[in-house]
Structures are given as structure tokens and as C-alpha cells.
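Here's the structure, in C-alpha cells; my notes come after.
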Amino acid sequence: MIDFEKLKNEQLKLASKVSTVDSVKNIKTIAGADQSYVGDKIISAIAVCDYKTMDVIEKKYAVADAKVPYKSGFLFYKDGPAVIGAFNMLENKPDVLIVEGNGILHPRRIGMASQVGILLDTPTIGVTKRLMIGEINKKTIYVDKEARGYELVTREHSNPIYISPGHKISLNSSLEIINNCMRLPHKMPEPLHLAHKYGNKVKEEMMP
């Protein structure tokens, strides 16, 4: 049995280490980490791109066993090990990593993007398709009166995506960076889109 109370206490301790202060001024490379599943295996695919052109510099993937079942607010414990495994294989470590998951837009202010950022000591941004928590006022998402994220409509007639700082990055920079990574007609920022495409290819090859 997984002791989620213990994991919750771990998150509460780690949450104090999350920084929403910009630590990188000149971004040259940016990556996206996207997860997919084959049975009880998790594939984390990472695509590293040139920040200006979005050309792919490097792609890597890692496969891990799903040791913790999915539970809202605890995604890191299911997917995180695969993300960290894939990141550690990269020869070109990105200046910023976009993670499909929340950053500080989380009940304990430490979603998967924040936990990954702390463990890798890397600037991270969280991007999700579903609003987990908070109230939206003029596109800004507030939790307990603190601005923790943004709602962003990336293409017409499409549901919004939700952006939040993960670690070592500010709220304003998170929005600016994600906007810079958008390439129509894709709904998700390009590094995540490319990671997703790559992950699907790996998944197809793994399928029995």
C-alpha cells in the first residue's frame, strides 16, 4: 500500500524550496517532457529544441515501471522517475524544461513540474489541459489570493491550456516563454508537441 499521507508531508516540506524567481536570463534551448503509457510502463520522451527556431537538437526517452498508482495531486510519484531518467540521458541539458503537469498551481503549491525542477535543479514550467485548482480572473489563476498560473487559449475554437511556474522561473516569464513556443496549428507548446509525437513513436514500437 502506498502511504499518500507520507508523500503529502514530503511535498509540504519540498514546497518551501520552490523558487518563482527567474534564474535564467538568456534562454538558448528549451525542452518538453511528455509521458505515455504501455501497460504498467511509463515512457517519458524529451525533445530539446532551439529556443528561437524550435528546431530539434536532441531527443531521448526513458521507460520506468509505474510503482505508484495515479492519484490527483501526486502525479510526480507515478511519472517523475521516468522524466528524471530521460533528462539524465540528455547530452544537451536545456535551459528550461516544460513538463506536462502542474507547477505551483497545486493544492500544496508543488505539482509535478515543481518537484521535477527541484530534483533536477533546473528551471521548469508546468502546462496542463485541465484546471486542477484555483479561480480565473482575467486569464490569471488565483489560489488563496495568490496568482499561481495563467489560462491561455492557443488556437481558435480550442479549450485553453493552463500554465504555471514549476521552479526557478517567474509567473510572467512562464507565460512569455510558452507564448514564444507556440507554433500553429498545434495546441501545445512546440517542445511538448514534439516530445508527445516522439513518445507515441516509441510507444508504437513497444506495443506487442
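The values are calculated or read from the model by the stated rules, or taken from the named source; none is laboratory data. Please read all numbers here as calculations on a predicted model, not as lab measurements. FYI the Cβ positions are ideal-geometry reconstructions off the backbone, even for glycines, and counts take in every protein chain you see. The area values use the complete protein model at the heavy-atom level, side chains included, leaving out ligands, DNA and RNA. Shrake-Rupley method; radii C 1.70, N 1.55, O 1.52, S 1.80 Å.
Just a few scattered comments:
- Ranked order, F76, F4 - accessible area, probe 1.4 Å, largest first: F4, F76
- Note that region 149-154 has calculated 3J(HN,Hα) couplings of x, 10, 8, 9, 8, 9 Hz, one per residue in order, obtained from phi through the Karplus relation 6.51 cos²θ - 1.76 cosθ + 1.60 (θ = phi - 60°); glycine and proline are x.
- Here region 72-141 has an Rg and Dmax of 12.6, 41 Å, counting Cα atoms alone.
- Computed from the Cβ-Cβ distance with R0 of 30 Å, the FRET efficiency linking R130 to A15 stands at 0.90.
- Three-way shape label, the chain, alpha-carbon gyration tensor, a/c 1.5: rounded
- Estimated purely from DSSP H runs of n ≥ 4, each contributing -39500 (n - 2.57), the mean residue ellipticity at 222 nm for the chain is -9500 deg cm²/dmol once divided by its residues.
- Sites K187 and Y70 - FRET efficiency at Förster radius 22 Å, r taken between beta-carbons, to 0.05: 0.45
- Largest GNM mean-square fluctuation among I42, I125, I30, using the chain with Cα springs under 10 Å: I42.
- The antiparallel fraction among DSSP beta bridges confined to region 96-202 stands at about 80%.
- Those residues of region 67-101 whose amide nitrogen sits under 19 Å from the label point placed on E5, 7 Å along Cα→Cβ: 69, 71-74
- DSSP beta bridge pairing in the chain, given as percent antiparallel to the nearest 5: 80 percent
- Solvent-accessible heavy-atom area per residue, rounded to whole Å², over the chain at 1.4 Å: 50 Å²
- With all protein chains modelled, accessible area of E58 [1.4 Å, Å²]: 20 Å²
- The alpha carbon gyration tensor of region 23-66 gives principal lengths a ≥ b ≥ c with a/c of 1.5 or higher and a/b greater than b/c, which makes the shape prolate.
- Reachable aspartates and glutamates, given that their alpha-carbon falls under 18 Å from the alpha-carbon of K93 and they are not under 8 places away in the same chain: D22, D34, D50, D55, E58, D121, E190
- Here the gap between N88 and E176, fully extended at 0.36 nm per residue and compared with their Cα-Cα distance, gives a gain of 29.0 nm.
- Within the listed set V48, V127, V68, the residue fluctuating most in the Gaussian network model of the chain (springs between alpha-carbon atoms under 10 angstrom) is V68.
- Heavy-atom accessible area, probed at 1.4 angstrom with all protein chains present, ranks R109, R148, R155 as R155, R109, R148, highest first.
- Carbon-plus-sulfur accessible fraction, the chain (probe radius 1.4 Å, protein heavy atoms only): 50%.
- GNM flexibility winner over the chain from M188, M89, M112 (Cα, springs under 10 Å): M89
- Filter on K41/K67; K17/K67; K71/K138 - keep pairs with C-alpha separation over 20 Å: K17/K67; K71/K138
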